[in-house]
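**Student:** Dumping the structure here so I can ask a few things about it.
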Amino acid sequence: MENLHAFVRRFVFLGLLLLALGDVRACGARSPYFGEGAQVLQGHSYANDREFVIKHIDMHLKVNFADKTIEGWVEYDLVHAYLLDNRKPGSVPPYHFNPITGNHILLLDHRDMDVLGVYGGGAYDKKTGSLKSKAKRLTYSVGVGTADSLLFGKPLQIEVPRSQSKIVIHYKTRPSAGALQWLSPAQTYDQTHPFLFSQSQAILARTWIPLQDKPSVRFTYSAEVKVVCAAAGGATADANGHRSSREDCIGGEDPDINPTDFNVVMSAVKLGNPEGDLILNNKVHRFEQKKPIPSYLMAIAVGSFGYKSLGKNTGVYAEHKLLDKAVWEFADLQKMVDAASDMFGEYAWGDYNVLVLPPSFPFGGMENPVVTFATPTIIAGDRSLVSLLAHELAHSWSGNLVTNRTWDDFWLNEGFTVYVESRIMERLYGADYADMLRVLGKGELDKTLGWMMKESPDDSHLRLHLGDRDPDEGLTDIAYEKGRFFLMMLEQLYGRKAFDELLNHHFKRYAFGTVTTDLFLADLKAFHEKNAQTLGVMLWSNFEPLVAAWIDGGGLPAPGVGGFPKLESKAFQRVEQQVSKFLVSGEPLHSGYSVPCDASVIDTTGFTTHHWLHLLRQLHTRADGSPGRLSRDEMAGLDARFGFTQTQNAEIACDWFVLAIQSDYRPAYQAMHDFLLKVGRRKFLMPIYEALLAQYVVRDGKYEPAFAQGKEMATEIFLQAEPGYHSVAARSLRELLGLPLSGGSGR
Ligand code: BES
Ligand code: ZN
């Protein structure tokens, strides 16, 4: 009997070895064993989540402003996947295990950080904040991956004994960590304290927490965060000989800054005092996220900011001197939450708060659960840009509750969200308002399609095939606007009531799970077949090819049933009339002609931000997509009458600067330059830098290309501004300007 067992054991061992070798041949790489060969990137991640899944992480983080690092002790609750369905250990391909010890190998994503140790569960001593004496060390190594390590990082390979379901990783991020931006006091509103925020989507969570960094893995988390302002053991020097000291932390000016001045938020419910609990001269901020979330929703922000409630489960965090303005601007937040819950089902995340970040935040908003991160550029002073809040709130259903399984399915996050956003806006402010937003969205989509159909037409499909390309490349108006118009088409086909049932079913069925394009299409088919007759719509067999044209076809379908939906804005027809009036008030749109178009003919009574945006976009992009140019007199006339150069509305400023550059209207350049130094929102930066590259100048009354000069100007401004940009914005701009992409943060 004993012999038989030994024989079987040896047989199983040999079998596994052979299987593993088979695997080697199949992928053409060397053995995927621990420490050897290249790990394969799948879905932008090295995680072997068919062998292990992270279920929960418990984090102890020390945020250090002096050396711009986060030091983490993170305990992971793991499930060995073979236990999930009673498979044998090692029976899950592709068999990452150590054949000598029999230990399984856990592969995690990590980048821009140093791993200081890996231990068996329970290794971290909460009281002392360090390693317990009995902690058991686990073997780990940094592997080699098949894809660009500057972008994807490298697989962290950890040997996990079969008896272990908890491990602890001790690590420290580098100052270059791509997700994190460390701001000096001068880069904040109050100018008194440094600030830190994260931006994890799409694949940057791995730069501040080692994780299975792919949206198909969901886990819960708890966290304890401490802020420190000094390098450990006083002033120290880093590898480059730069001294880190308390002064670096506080910007040098105010010696009275204390770690206790800081507030912390995470994408989780904050426990205890919203300002943190004082424990021994320092504050501890504790968080709990009991709902499983994907890694890209991991978030943290640290700064000196306050909080005010806006309603029963809504509130706003902002720097102290900005807080009241934010409270006024976001007055309708509670109504938005109530309207959305009413239409799409219960809000799942407890409270909905918004944190207003410093202006370098690279996005308009980021839907981090419990606390949306937002750019301060939505505080326009007239509540006109709050659709961004409706958008981020909408992600509480589409994205956070029901998540795109892969970044190829990104339109399921963003297209659904833009659709839900516009329903929220319509409910609060009426159909005319929502129609303006839809038409503006269509304009952006047309502009995107203008270059995309020439350069990368396959990217205009809703379903992407990114392979090993940066998921950031999928962040285009296709996912957002083509996605939204596809859903709008379905709404117009089925009627709102029936379509809402489909949507509600979707949010319920996949709640706290993930969804693929195919799953959605299967549900759509089932819904269609069940209801076609009652709703009086065409048969699925006729509809299917129309749907396929949206999902896997290029560009936009022609208008019609199942094609591009009906879309018009009465409010904008008035704007278009005014633009025509302006354009015919003078002789052709060229410098040197004697009769410039006359700004005084434009009737702007009742214009809101969106009317202005439509007006400017009519002027800066002609019907054929080419750039519009106005003469200096015409620009000066518009500027004198409407004060565009001095506008405090960042959306309007952005469109005006584009028109100004295209028109070689120099009086706007100083303000444009200041804007680029202050604001880091990529959506504004890209079109302005692009316009600079495509610069024309006026010589002898004629427009002449001045691309070399434009590039020089753009590069000079960029290099000056770059230290204030977040890595994702800096990276895109480096690509645009043809500058080298260097390590970590893309700097
Ligand atoms: N989740 C996105 C931002 C994002 C997407 C960051 C992909 C990184 C990768 C967010 O919800 C968003 O769409 N923001 C928009 C808001 C706008 C559409 C109202 C933005 O930042 O401009
Ligand atoms: Zn979004």
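The values are calculated or read from the model by the stated rules, or taken from the named source; none is laboratory data. All values derive from a computational prediction rather than experimental measurement. Cβ coordinates were reconstructed from backbone atoms using ideal geometry, including for glycine residues, and neighbour counts include every protein chain displayed.
**Student:** Could you list, in sequence order, all residues of the stretch 420-437 that are of a type in the set (D, E, K, R) and either touching a strand residue (DSSP E or B) at 6+ places or on another chain (Cβ under 7 Å) or more than 13 Å from ligand 1 (Cβ to nearest atom) (or both)?
**Tutor:** Across the stretch 420-437, the qualifying residues are Arg423, Glu426, Arg427, Asp432, Asp435.
**Student:** Also, quick follow-up: Give, as residue ranges, the strands (runs of 3 or more DSSP E) completely inside the stretch 302-378 that count at least 1 residues that are in contact with a strand residue (DSSP E or B) (Cβ under 7 Å, 6 or more places away or on another chain), free of Cβ contacts under 8 Å to residues at least 60 places away in the same chain and within 15 Å of ligand 1 (Cβ to nearest atom).
**Tutor:** 352-356, 371-374
**Student:** Separate question: Scan (1) in contact with a helix residue (DSSP H, G or I) (Cβ under 8 Å, 6 or more places away or on another chain); (2) part of a helix (DSSP H, G or I) for the single condition Gly450 breaks and write down its number.
**Tutor:** All conditions pass for Gly450, except number (1).
**Student:** Another question, if that's okay. So which residues in the stretch 327-347 are of a type in the set (A, V, I, L, M, F, W, C) and away from ligand 2 (no atom under 16 Å from the Cβ), if there are any at all?
**Tutor:** Residues satisfying the conditions are Val327, Trp328, Phe330, Ala331, Leu333, Val337, Ala339, Met343.
**Student:** I need the full set of residues from the stretch 382-421 which are among the small types (Gly, Ala, Ser), assigned to a loop (DSSP other than H, G, I, E, B) and farther than 22 Å from Leu685 by Cα, in order please.
**Tutor:** Scanning the stretch 382-421 gives Ser396, Gly399.
**Student:** Next question. May I ask you to say which residue of Gly399, Gly350, Gly415, Gly364 is at pLDDT 95 or above and more than 16 Å from ligand 2 (Cβ to nearest atom)?
**Tutor:** Gly350
**Student:** From the list Thr236, Thr260, which residue is of a type in the set (S, T, N, Q), at pLDDT below 95 and within 24 Å of Gly315 (Cα to Cα)?
**Tutor:** Of the residues listed, the single one that is of a type in the set (S, T, N, Q), at pLDDT below 95 and within 24 Å of Gly315 (Cα to Cα) is Thr260.
**Student:** Restricting attention to strands (runs of 3 or more DSSP E) lying wholly within the stretch 68-182, give those where 2 or more residues are in contact (Cβ under 8 Å) with a residue 40 or more places away in the chain and crowded, with 20+ Cβ neighbours inside 10 Å.
**Tutor:** 69-80, 104-110, 113-120, 154-160, 166-173
**Student:** Before we move on, is Ile379 hydrophobic (A, V, I, L, M, F, W, C), away from ligand 2 (no atom under 16 Å from the Cβ) and either closer than 26 Å to Leu677 by Cα or surrounded by 22 or more Cβ atoms within 10 Å (Cβ to Cβ) (or both)?
**Tutor:** Against the criterion (hydrophobic (A, V, I, L, M, F, W, C), away from ligand 2 (no atom under 16 Å from the Cβ) and either closer than 26 Å to Leu677 by Cα or surrounded by 22 or more Cβ atoms within 10 Å (Cβ to Cβ) (or both)), Ile379 qualifies.
**Student:** Next question, about the same structure. Could you please let me know if Asp633 is out of contact with any Leu (no Cβ under 7 Å at 6 or more places or on another chain), of a type in the set (Asp, Glu) and either within 26 Å of Glu716 (Cβ to Cβ) or part of a loop (DSSP other than H, G, I, E, B) (or both)?
**Tutor:** In short, no.
For (1) among the polar types (S, T, N, Q); (2) touching a strand residue (DSSP E or B) at 6+ places or on another chain (Cβ under 6 Å); (3) more than 24 Å from Glu473 (Cα to Cα), each residue gets a yes or a no:
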{"position": "Thr647", "(1), (2), (3)": "yes, no, yes"}
{"position": "Cys654", "(1), (2), (3)": "no, no, no"}
{"position": "Ala671", "(1), (2), (3)": "no, no, yes"}
{"position": "Asp674", "(1), (2), (3)": "no, no, yes"}
{"position": "Asp700", "(1), (2), (3)": "no, no, yes"}
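**Student:** Something else: Quickly run through the stretch 635-688 and pick out the residues that are under 21 Å from the mean Cα position of the chain (by Cα) and touching a residue at least 40 places away in the same chain (Cβ under 8 Å).
**Tutor:** Ala650, Glu651, Leu676, Lys678, Val679, Gly680, Arg681, Arg682, Lys683, Phe684, Leu685, Met686
**Student:** Report, by residue number, each residue of the stretch 492-534 that is of a type in the set (Asp, Glu) and over 27 Å from the mean Cα position of the chain (by Cα).
**Tutor:** Within the stretch 492-534, Glu501, Asp523, Glu529 qualify.
**Student:** Let me ask something additional. Does Gly495 satisfy the condition of being crowded, with 21+ Cβ neighbours inside 10 Å and either touching a residue at least 12 places away in the same chain (Cβ under 8 Å) or within 15 Å of ligand 1 (Cβ to nearest atom) (or both)?
**Tutor:** No, not satisfied.
**Student:** OK, next. Which residue pairs have Cβ atoms closer than 8 Å, lie 6 or more positions apart in sequence or on different chains, and pair a first residue in the stretch 707-729 that is within 14 Å of Val679 (Cα to Cα) with a second residue that is of a type in the set (Lys, Arg) and at pLDDT below 95?
**Tutor:** The qualifying pairs are Glu722/Arg747; Ser727/Arg747.
**Student:** Scan the stretch 456-472 and give yes if some residue there is more than 15 Å from ligand 1 (Cβ to nearest atom), modelled with pLDDT of 95 or more, in a helix (DSSP H, G or I) and surrounded by fewer than 20 Cβ atoms within 10 Å (Cβ to Cβ), otherwise no.
**Tutor:** yes
**Student:** Now a separate question. If Leu385 satisfies every condition in (1) more than 16 Å from ligand 2 (Cβ to nearest atom); (2) farther than 25 Å from Tyr510 by Cβ but one, which is the exception?
**Tutor:** (1)
**Student:** Does Val386 qualify as being within 16 Å of ligand 1 (Cβ to nearest atom) and modelled with pLDDT of 95 or more?
**Tutor:** yes
**Student:** Could you run through the stretch 131-151 and say how many residues are in contact with a strand residue (DSSP E or B) (Cβ under 6 Å, 6 or more places away or on another chain) and closer than 14 Å to Thr207 by Cβ?
**Tutor:** Looking only at that region, the number is 0.
**Student:** Right, another one. Quick check on Asp468: is it touching a Ser or Thr at 6+ places or on another chain (Cβ under 6 Å) and acidic (Asp, Glu)?
**Tutor:** So Asp468 fails the test.
**Student:** May I pose another question? So which pairs qualify, if the first residue must be in the stretch 408-421 and within 16 Å of Gly365 (Cβ to Cβ), the second must be near ligand 1 (Cβ under 7 Å from one of its atoms) and of a type in the set (Phe, Trp, Tyr), the Cβ gap must be under 9 Å, and the two must be at least 6 apart or on different chains?
**Tutor:** Glu414/Tyr480; Thr417/Tyr480; Val418/Tyr480
**Student:** Looking at the stretch 543-561 only, could you name the residues that are assigned to a helix (DSSP H, G or I) and aliphatic (A, V, I, L, M)?
**Tutor:** If the condition is that a residue be assigned to a helix (DSSP H, G or I) and aliphatic (A, V, I, L, M), then Leu546, Val547, Ala548, Ala549, Ile551 are the ones that fit.
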